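Just so you know, all these numbers are worked out from the coordinates, no wet-lab data involved. Remember, predicted model here, so these are calculated numbers, not experimental data. Please note: Cβ atoms are built from the backbone with ideal geometry, for glycine as well, and neighbour counts cover all protein chains shown.
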Amino acid sequence: MSGERDLDVLVRSMDPVARPDVYAVATVDGYAALAGVAPDATVHEDEGLTVVVPLATARALQLDIAFEAAWITLRVHSALDAVGLTAAFSAALAEAGISCNVLAGRFHDHLLVPADRRDDALAALRALAGGE
């Protein structure tokens with residue numbers, strides 16, 4: 001299955017859902033710093049390995065936490081080459097004054113928003129989709 005490409009369908013079908021935990025974004029020198037913990041997401045950068053792990057895990061590992069986030073998944077299966085979805089939800093969140101960091105998976109987009117703005121972000125996304 002290749003995923004949806006029609007922007008109107010993508011926006012109407014976003015179906016955002018938040019994971020229950022708070023997540024931490026941190027940078028480590030490598031996987032060894034994680035003491036065997038499998039991160040939920042990683043990005044290799046010149047400055048180090050950026051990881052996303054549950055906040056409790058980051059604290060237990062004494063990581064230098066750069067951002068505490070709520071993790072929202074858009075459950076629509078968006079095609080990786082779809083055009084406009086990121087712009088649409090970014091604009092809605094920006095209008096609400098909510099920052100957003102995006103992780104694109106094979107099937108879904110995942111949004112990291114400030115943990116204390118979780119409910120506001122969900123409301124803005126649902127309003128964009130026409131659900132509120």
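The residue that is surrounded by the fewest Cβ atoms within 10 Å (Cβ to Cβ), counting only those in the range 22-43 that are of a type in the set (A, V, I, L, M) and in a helix (DSSP H, G or I), is 32. Consider residue 19 carefully, then state whether it is farther than 18 Å from residue 4 by Cα, among the basic types (Lys, Arg), touching a residue at least 40 places away in the same chain (Cβ under 8 Å) and not in a helix (DSSP H, G or I). Spelling it out, residue 19 is indeed farther than 18 Å from residue 4 by Cα, among the basic types (Lys, Arg), touching a residue at least 40 places away in the same chain (Cβ under 8 Å) and not in a helix (DSSP H, G or I).
Take the conditions touching a residue at least 40 places away in the same chain (Cβ under 8 Å), in a loop (DSSP other than H, G, I, E, B) and either aliphatic (A, V, I, L, M) or closer than 20 Å to residue 17 by Cβ (or both) and apply them to residue 80. Does it pass? The answer is yes for residue 80. Applying the criterion of being assigned to a loop (DSSP other than H, G, I, E, B) and without any contact (Cβ under 8 Å) to a residue 12 or more places away in the chain to the residues of the range 44-67, the residue that is farthest from residue 13 (Cα to Cα) is 62. For the range 96-132, the tally of residues that are over 15 Å from the mean Cα position of the chain (by Cα) and over 22 Å from residue 9 (Cβ atoms) stands at 2. Taking the criterion of being over 15 Å from residue 20 (Cα atoms) and loosely packed, with under 14 Cβ neighbours inside 10 Å, the residues of the range 44-56 that qualify are 44, 45, 46, 47. The residue that is nearest to residue 53 (Cα to Cα), among those in the range 79-129 that are among the charged types (D, E, K, R) and loosely packed, with under 13 Cβ neighbours inside 10 Å, is 116. If you check 70, 127, 92, 121 for being within 15 Å of residue 19 (Cβ to Cβ) and either touching a Phe, Trp or Tyr at 6+ places or on another chain (Cβ under 7 Å) or assigned to a helix (DSSP H, G or I) (or both), only one passes: 121.
Among the residues making up the range 95-118, those that are of a type in the set (Gly, Ala, Ser) and not in a loop (DSSP other than H, G, I, E, B) are 104, 115.
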